[in-house]
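The values are calculated or read from the model by the stated rules, or taken from the named source; none is laboratory data. This is a predicted model, so every value here is computed, not measured. FYI the Cβ positions are ideal-geometry reconstructions off the backbone, even for glycines, and counts take in every protein chain you see. Ligands, DNA and RNA are stripped out before the accessible areas are found, and what is left, the full protein with its side chains, is counted by its heavy atoms. Shrake-Rupley method; radii C 1.70, N 1.55, O 1.52, S 1.80 Å.
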Amino acid sequence: MKQTIFCFILVSILFNCSCTSPVKSRVDQISATAGNDSVEVKLQLVSKTIAAPVELNVLPGTSHRMLITDNSGKIWMLKNDSVLPEPFLVCNNKLGQRDKKSPLGSIFSVAIHPQFSSNGKLYVCYAAPSLLHPATGKLVVSEFTSGGSSKDLANVQSEYRVFELEGENITHNGAQVAFGPDGYLYISIGDDQLGDSQYVYHGQDLNFFNGKLLRIDVNKKPYAIPADNPFVTTKNAKPEIWAYGFRKMWRFCFDASTHQLFGADVGQEKEEEIDIVQKGCNYGWPLKEGDSSFLRMDSSNQSIFTPPIYAYTHKEGICVIGGRFYYGKQFPALDKKYVFADFNGNMFALVKNEKGNWLRQPLKILNKPKDPFLICGVNVDENNELYVMGLLQTKTGITGLVYKIVKI
């Protein structure tokens with residue numbers, strides 16, 4: 001019962017999209033010209049014991065050790081492709097007894113410090129209760145260290161809170177934390193109203209963190225603002241902001257080759273989008289949603305928005321999950337391509353053609369489960385091979401699954 005409740009919370013947090021009749025956009029025409037040759041893959045089961053797996057991270061400086069983020073409030077160690085029986089870290093217990101239907105205690109994402117092998121530090125983004133306003137919550141990014149002599153466990157008592165943001169909907173707007181190749185920590189925060197008709201969108205307001213991608217230096221306490229952040233000297237702007245105009249950038253990643261930042265922004269009513277996120281750029285939300293308009297605006301303002309490199313309507317999917325660039329050895333056909341998924345269980349690869357357009361290529365999963373498998377995360381291991389994780393919906397309940405993508 002508890003597992004089902006946490007899975008329901010995850011679905012609410014991630015998939016607050018209204019699947020209305022899709023609008024026609026340029027992406028429907030672009031996808032029609034994309035390569036139709038699918039890449040055939042198979043799923044190899046790694047775990048079916050984690051309640052709500054949403055993310056996988058490799059521990060640098062170690063061998064065959066990865067962390068799996070469990071949205072239900074735990075982090076698990078995957079060692080030699082086996083999940084250890086004791087959680088690496090438990091967040092929900094440390095918050096005390098809470099309403100089981102509440103998202104408080106949910107973990108959204110984990111970022112491993114680039115020098116983890118020497119300092120043992122990792123950063124966890126989770127939902128915590130508000131001390132000032134009990135009816136609301138807050139989004140917390142905390143630093144933890146691995147536990148003393150055992151690097152298979154985190155030291156819960158080592159928590160140091162780096163960043164906190166309170167708000168009525170903030171516990172449903174948590175997304176990802178990750179270190180960039182520059183050594184700074186990036187934090188994506190959503191601007192999703194979650195059915196609150198009184199909610200005021202802040203994606204275009206630089207005086208709010210909602211709808212933004214932040215960039216901070218956690219090597220100084222509590223954190224420092226990098227001097228080259230784009231709005232450091234801008235009046236009435238948060239200096240932490242790196243880019244803005246996002247609804248809910250659930251996942252983002254850096255291409256290991258080009259260092260470009262790719263973000264998957266979850267749509268509301270019309271479209272899902274993938275962006276190349278650049279310093280100081282505005283991606284349009286809530287005025288734009290993918291290639292379509294969301295809120296009414298003056299057409300003369302559209303030129304200030306950076307368009308997505310790829311978007312698709314709800315005729316083709318329901319909620320973009322995002323993914324990673326592939327540099328593994330099993331699938332030469334996917335080399336250097338951005339492999340991503342939709343919540344509906346479908347997977348694709350994006351490739352840039354000679355004209356500069358990003359085209360979609362389907363991945364055909366030959367042994368997809370008969371029951372609906374809702375993908376919540378796509379990541380890679382130390383060998384850059386692909387893993388997917390998510391929720392299997394059966395008549396008897398919901399099961400969290402972690403798969404490795406393998407060749408046929």
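Observations
- Cα-based radius of gyration of the range 245-287 once divided by 2.2 N^0.38 Å, which approximates compact folds: 1.17
- Pairs of alpha carbons in the chain whose separation is greater than 40 Å (percent): 10
- For the chain, carbon and sulfur atoms together expose 49% of the accessible surface, with a 1.4 angstrom probe and every protein chain in place.
- Estimated 222 nm signal from helices in the chain, with DSSP H stretches of n ≥ 4 weighted -39500 (n - 2.57), rounded to 500: -1500 deg cm²/dmol
- For the range 258-337, size of Cβ-based charge dipole, Lys and Arg +1, Asp and Glu -1, in debye: 360
- Under 28 Å from the Cα of Lys407 - lysines, other chains or at least 8 residues apart: Lys42, Lys48, Lys79, Lys329, Lys336, Lys337, Lys352, Lys364, Lys368, Lys370
- GNM result for the chain, Cα springs below 10 Å: residue of Gly167, Gly290, Gly61 fluctuating most strongly: Gly61
- Most mobile of Val388, Val140, Val232 in a GNM of the chain (Cα contacts under 10 Å): Val232
- Highest average packing first - 257-263, 245-251, Cβ atoms within 10 Å: 245-251, 257-263
- For the chain, the per residue solvent-accessible surface stands at 41 Å², with DNA, RNA and ligands left out and a 1.4 Å probe.
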